[in-house]
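Peer 1: Shown below is the structure under consideration.
The values are calculated or read from the model by the stated rules, or taken from the named source; none is laboratory data. Quick caveat, the model's predicted, so the values are computed rather than measured.
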Amino acid sequence: MLLSELAEKELIQVKDGARYGKLADTELLFNPENGKIEGFEVFQRTTGSFFQGNKSGKKKEFIAWEEIILIGKDRILFNEANYEIGNSEYS
């Protein structure tokens, strides 16, 4: 599979069916010391108050690599996203 094909897949949380957009819209977080992928930083739209998340009305979440269940034809299914982002040293 080409990286460009992977980037076009939609991220979906299995628990509640929430859609997190395409993988191409995320930030890849990896550990520069060991080269391992830690996960993906995503922004999900909020329907709550202005004070949640950032000014653009989106909240930052983290999908750990270990949470990915399946990479399918059109989608990437994962267990759960966290509000805490991985180590800030990662880039």
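Peer 1: Of everything in the range 36-52 that's over 15 Å from Glu66 (Cα atoms) and outside any loop (DSSP other than H, G, I, E, B), which residue is modelled with the highest pLDDT?
Peer 2: Here the answer is Val42.
Peer 1: When the range 1-30 is examined, which residues are found to be more than 12 Å from the chain's Cα centre (by Cα), at pLDDT below 95 and not in a helix (DSSP H, G or I)?
Peer 2: Met1, Leu2, Lys15, Asp16, Gly17, Phe30
Peer 1: Here is a further query. Against the condition at pLDDT 95 or above and assigned to a loop (DSSP other than H, G, I, E, B), how does Glu33 come out, does it pass?
Peer 2: In short, yes.
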